[in-house]
Amino acid sequence: MPIAAPLLSDEDKRRVLAVLESGHLVAGRWVREFERAFSGYLGAGHGAATSSGTTALEVILEVAGLVPGARVITTPFSFVATANAVVRRGYTPVFVDIDPETYNLSPDAVSDALRRTPGVQALLMVHLYGLPCRMGALMEIARRHHLIVIEDAAQAHGASVGTRKVGTFGAAAAFSFYPSKNLTTGEGGMVVTDDPGLAERARMLINVGQSSQYVYETLGSNYRMTEIAAAIGVGQLARLDEHNARRRQNAHSLTEGLQDLEWLTLPREPRDATHVYHQYTLRVPHHRDRLAQHLTACGIGTRVYYPTPIHRSPLYRRLGYGEARCPEAERAAEEVLSIPVHPALGEEQIQRIVHAIRRFDPRH
């Protein structure tokens, strides 16, 4: 039972075949349609499709108006692309600790970092595992300190705070459509924004800096999404709410079956937020690796997202970030374990996971 499984329909396959038969493989109607449909689904004004979530982040950081050398507050508990995008664009990441219950940026830690750190110009938040950050608190902090807010929503397609979708709170948001994500195009990403000027700059950067054919306005690159990827994305978007509902139902069944086990901690969902369960992540002090081995022996896939906080990785130690104080992120890296929750799973498979975990004896 894999930790993730993309759900591709017959209609997705027919669209891909139609693109191949058309001979129009880039910069066509499907990319435009996907940009329009995805930004519209979120309630945002503009979408600019990219080749990956990583390139979407890099594009935003290039066009958001940061001054050279600016400091960017972000989380150490994320996929490394979040921090890499900051460094690759010439900015300095400021790693700030997480909330131990949500695994997202701690507003208190952000406030403390701002008191201690001059030159911070942006707040790059990650909605980890499909759970929105504490947007009210973080947006108020950003307002008081005049920070540019960038959302890394790579794991949170359709997640919301109240009735507002994540990806629409900041200056811009980056989404990823990697195969494990709630919405996949194989590889791909999207820049989403309400700012028409930012959207225009992003599109130029994505398309080798062109404002029109062979008219180069900026030092861009080829970050374009293919027509094949976009055609898949249009179909995936039509089923996103259905797939998220199945993820939430699977998560509810897992929680119902495991909530009495005192040796692990289950995901929590604040009342004002809708969690879309990109991952269902347990916290297992002392027994994480043994539980993972047990589940593997039972034929159930698991994954640790993420075993090393970014600032403790060899690269970021060499870059001088190893002394950042993020004890909650470091503890989480030692204790978290994600188990299958994806929409391809039925109730029988979910109960198999529950029973396998309940058979595990943490005392031996």
Pick from ARG271, ARG201, ARG331 the residue whose mean-square fluctuation is largest in a GNM of the chain, springs joining Cα atoms under 10 Å. ARG271
Could you list which residues have their amide H under 5 Å from that of GLN210, counting only those 5 or more apart in sequence or on another chain, with H placed in the peptide plane? GLU217
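With a cut-off of at most 15 other beta carbons within 10 Å, and DSSP calling the residue loop, which trypsin sites (Lys or Arg not before Pro) in the stretch 297-329 qualify? Please list them. Write out the running numbers ahead of the final one.
Values: sites: ARG303, ARG312, ARG317, ARG318, ARG325; in loops: ARG325.
Taking the stretch 297-329 and a limit of 15 other Cβ atoms within 10 Å, the loop trypsin sites (Lys or Arg not before Pro) found are ARG325.
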What are the residues whose amide H is under 5 Å from the amide H of ILE98, where those residues sit 5 or more places off or on another chain and H is modelled from the backbone? SER106, GLU328, ALA329
Once the convex hull of the C-alpha atoms of the stretch 148-242 is built, how many Å³ does it hold per residue, rounded to a whole number? 112 Å³
Amide H of MET225 versus every other amide H placed in the peptide plane: which residues, excluding those fewer than 5 positions away on the same chain, fall under 5 Å? THR50, SER51
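For the chain, the longest stretch holding no GluC sites (Glu not before Pro) located in a DSSP loop with at most 16 other Cβ atoms within 10 Å is which? Write down the numbers at each step before the final one.
Values: sites that count: GLU101, GLU217, GLU262, GLU323.
The segment 102-216 is the longest one with no such site.
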Based on the Cβ-Cβ distance from LEU17 to GLU348, what FRET efficiency comes out when R0 is 30 Å, to the nearest 0.05? 0.35
Compute log10 of I(q)/I(0) for the stretch 1-74 with the Debye formula, placing one identical point scatterer on every Cα and leaving out solvent, at q = 0.11, 0.12, 0.20, 0.26 Å⁻¹, to two decimals. -0.48, -0.56, -1.09, -1.25
Among DSSP beta bridges whose residues both lie in the stretch 10-238, state the antiparallel percentage, nearest 5. 50 percent
Taking the Kirkwood radius as the inverse of the mean 1/r across Cα pairs, report the Rg/Rh of the chain. 0.97
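Show me the chymotrypsin sites (Phe, Trp or Tyr not before Pro) within the stretch 135-233 that DSSP assigns to loop and that have at most 10 other Cβ atoms within 10 Å of their Cβ.
Working: sites: PHE169, PHE175, PHE177, TYR214, TYR216, TYR223; in loops: PHE169, PHE177, TYR214, TYR223.
In loop regions of the stretch 135-233 (DSSP not H, G, I, E or B), the sparsely surrounded chymotrypsin sites (Phe, Trp or Tyr not before Pro) are TYR214.
Any read-out appearing in this document is the output of simple, stated calculations on the displayed coordinates, not a laboratory observation. These numbers were taken from a predicted model, which means no experiment stands behind them. Note: ideal-geometry Cβ built from the backbone for every residue, glycine included; neighbour counts use all protein chains shown.
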